[in-house]
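Worksheet: the structure to be examined is printed underneath.
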Amino acid sequence: MPNVVGVRFKRASRIYYFDPGELGLQVSDDVIVETTRGTEIGRVIVAPTQVLENEVVEPLRPVLRKAEPRDLQLHDEFKAREDQAFDKAKEKIAQRGLPMKLVRAEYNFDGSRLTFFFTSEGRVDFRQLVRDLASTFHTRIELRQIGVRDQAKLIGGLGCCGRSLCCASFLSDFAPVSIKMAKDQSLPLNPMKISGVCGRLLCCLGYENEGYCAARASMPAMDDIVNTPTGPGKVVGLNVLKETVTVQLESQAIVEHPASAVTVLDTGEGQRQGPARRRRQ
Amino acid sequence: MDAPEVIVVGAACVDIKGKALGQMIDATSNPGKIKLSAGGAARNIAENLARLGVSAALLTVVGSDPFGHAILERSKVSGLDLSGVLVVEGARSAAYLALLDQDGEMLLSIDDMGIAGAMTPEYIESYRGLFRRAKMVVVDANISSRTMTTVFALARRYRVPVCVNPVSVALAHKVKPRLKYCTIITPNAAEAQVLTGQAVANEQQAARAAQRLLAAGVEIAIITRGEEGLTYAHSDGAGNVPAVRCEVADSTGASDALTAAVVYGLVNGFSVDEAVRLGVSAASIALMSTDTVNPDMSLEYLYETLRI
């Protein structure tokens, strides 16, 4: 069984697995690893562990060595130069009048590569810009177009809840979020209320969705005709957290019952599709 | 039992659009692509609404000809109630013929909406029950003045807000004397010019025109200005929303998508400012499709395109 170690390169980023060899690594060790993009510095998050052959995503690249004080010092030095590189690159973009917004400049640990992250509404021809930047910084230049969610993750900030953005603090991946989740949780659909600082739907819409869906599955749906301890009526409201159903009785009275106390006589869906819907003037 | 949230009254037609492949030359045949799709302002708005998850009932008229069948067939979208569509035996269905330049901008168009006369005040009256339970009525100016008066009267009786799409400069005259009955109006710059009697060539003029529409009794005035976005005004505020940058495949149907998204927002209780932003993003979705109504239109797509 192969031995792997989990390494993270940035805060709240995905964990990548490497072959630790005979290095005797522990959690929180800084390591130099070989990646598809060159050598990088990362931190051990998952201690060396044995996994099944079929769980390994090939090819498993090696951890080259533990990071030495010299590596960390280099890393800090180049980190300190990132702001300057950012300003310089911003100037170059303005000079060329390119429709792109620079989000961040990032050196790898030994300064052999400088990556610029940017957002743009369309495709940008940045070939000339890359040449400009390479001659300015004398290192390998990479330009990466990112989406609005990645931008928020890179920059960080505070959400409408007042806490640090989930994506910038602990989410390692962006899970798909849909409007249906907001609907299933009876949330208002106002874009301003259910969108995050990135302008996309709030990631937290997905956190409790499973619970809501499970609770709803055992409850009648809106417009269902149900039998209640106080007589038959139509479902006009649901409280998923309390697991109660609000029913309008035939007498027009509104009553609330636990979902477990009502039985469905006819589904709202059946009624909506039925002939009764048409032309009841 | 669910009543449709929105009633849409007006035209449904077949759109025949010819887009030139190169520079259009007058008085000769130009190579291009010809596409047939279902159109008509009211039908487009209703289809967009249904695609956004708003239950809508369409009150329109078609003939019993192949065009009429095509219109009905292509309008079958979940959530869109077509049971009120009037089918007139032996009549010619409405059609719209447009010539687009190589960028998808309309050069000129002809519409044949004669059948709209079959939508009489009596026909509208027979659907009085729908008005009683609706949250909003949307009407396009293709219907006759008398029928429009009936729609306004029923909406007033049941206190349902009315959103009016003037459709074209020629038809905007019909709306002008009835502005005080329009809760929401969505003219383009040229139509706003007819409605207000003043030039609407830039942002300042559009803002003034919007205020003038408010003074005439409209509650929410939204003036669309093509690639410059839109200018709006209501009793609590006013503003401009820039257009979303996108590749334009075909500009037909953009204002209908905009109207539908605004209606979706207002029916769901959003603020006017949020509703008009949704409108702009819906317009961009429509622009990116060669179909009059983008078949990919959905709430997910709409929110994704939205620039907050």
Lone qualifier among B:Val280, B:Val241 - being of a type in the set (Val, Ile, Thr), free of Cβ contacts under 8 Å to residues at least 40 places away in the same chain and under 25 Å from A:Arg149 (Cβ atoms): B:Val241
Can you name every residue in the stretch B:65-79 that is touching a helix residue (DSSP H, G or I) at 6+ places or on another chain (Cβ under 9 Å) and either within 13 Å of chain A (Cβ to nearest Cβ) or basic (Lys, Arg) (or both)? B:Arg74, B:Ser78, B:Gly79
Name the pairs: first residue in the stretch B:123-134 and over 10 Å from B:Ile7 (Cβ atoms), second residue basic (Lys, Arg), Cβ to Cβ under 8 Å, at least 6 apart or on different chains? B:Gly129/A:Arg279; B:Gly129/A:Arg280
Among the residues of the stretch B:280-295, count how many are among the small types (Gly, Ala, Ser) and away from chain A (no Cβ under 14 Å). 3
With buried (at least 16 other Cβ atoms within 10 Å of the Cβ) and under 26 Å from A:Val33 (Cβ atoms) as the only criterion, which of A:Phe126, A:Phe137 stands out? A:Phe137
Answer yes or no as to whether A:Asp83 is free of Cβ contacts under 8 Å to residues at least 60 places away in the same chain and within 27 Å of A:Phe117 (Cβ to Cβ). yes
Flag if A:Asp223 is touching an Asp or Glu at 6+ places or on another chain (Cβ under 7 Å), at pLDDT below 90 and assigned to a loop (DSSP other than H, G, I, E, B): yes
Among the residues of the stretch B:198-210, what is the count of those that are in a helix (DSSP H, G or I) and surrounded by 13 or more Cβ atoms within 10 Å (Cβ to Cβ)? 7
Out of the stretch B:104-139, which residues are away from every other protein chain (no Cβ under 14 Å), part of a loop (DSSP other than H, G, I, E, B) and not hydroxyl-bearing (Ser, Thr, Tyr)? B:Gly104, B:Glu105, B:Met113, B:Met119, B:Lys135
Which pairs turn up if I take residues in the stretch B:1-22 that are more than 23 Å from B:Glu73 (Cα to Cα) and look for partners that are of a type in the set (Lys, Arg) and buried (at least 24 other Cβ atoms within 10 Å of the Cβ) with beta carbon separation below 6 Å, at least 6 apart in sequence or on another chain? none
Of the candidates B:Asp256, B:Asp250, the one satisfying the condition of being in a helix (DSSP H, G or I), in contact (Cβ under 8 Å) with a residue 24 or more places away in the chain and among the acidic types (Asp, Glu) is B:Asp256
Out of B:Thr60, B:Thr28, report the one residue that is of a type in the set (Ser, Thr, Tyr) and crowded, with 24+ Cβ neighbours inside 10 Å. B:Thr60
Could you tell me whether A:Arg127 is of a type in the set (D, E, K, R), closer than 30 Å to B:Ser284 by Cβ and in contact with a helix residue (DSSP H, G or I) (Cβ under 7 Å, 6 or more places away or on another chain)? no
In the set B:Arg277, B:Arg245, the lone residue that is within 14 Å of another protein chain (Cβ to nearest Cβ), charged (D, E, K, R) and in a loop (DSSP other than H, G, I, E, B) is B:Arg245
Condition met for B:Asp26 (of a type in the set (Asp, Glu), at pLDDT below 90 and under 19 Å from B:Ala254 (Cβ atoms)): no
Residues that are free of Cβ contacts under 8 Å to residues at least 40 places away in the same chain: find the strands (runs of 3 or more DSSP E) completely inside the stretch B:42-103 holding 2 or more of those. B:86-88
Which listed residue is surrounded by 15 or more Cβ atoms within 10 Å (Cβ to Cβ) and polar (S, T, N, Q), from A:Thr263, A:Thr244: A:Thr244
For the subset of the stretch B:244-267 comprising residues that are touching a strand residue (DSSP E or B) at 6+ places or on another chain (Cβ under 8 Å) and modelled with pLDDT under 90, which member is surrounded by the fewest Cβ atoms within 10 Å (Cβ to Cβ)? B:Ser251
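The values are calculated or read from the model by the stated rules, or taken from the named source; none is laboratory data. This one's a predicted model, so the numbers in the text were calculated from it and none came from an experiment. When we count neighbours, we look across all protein chains shown, and the Cβ atoms used for this are built from the backbone with ideal geometry, even at glycine.
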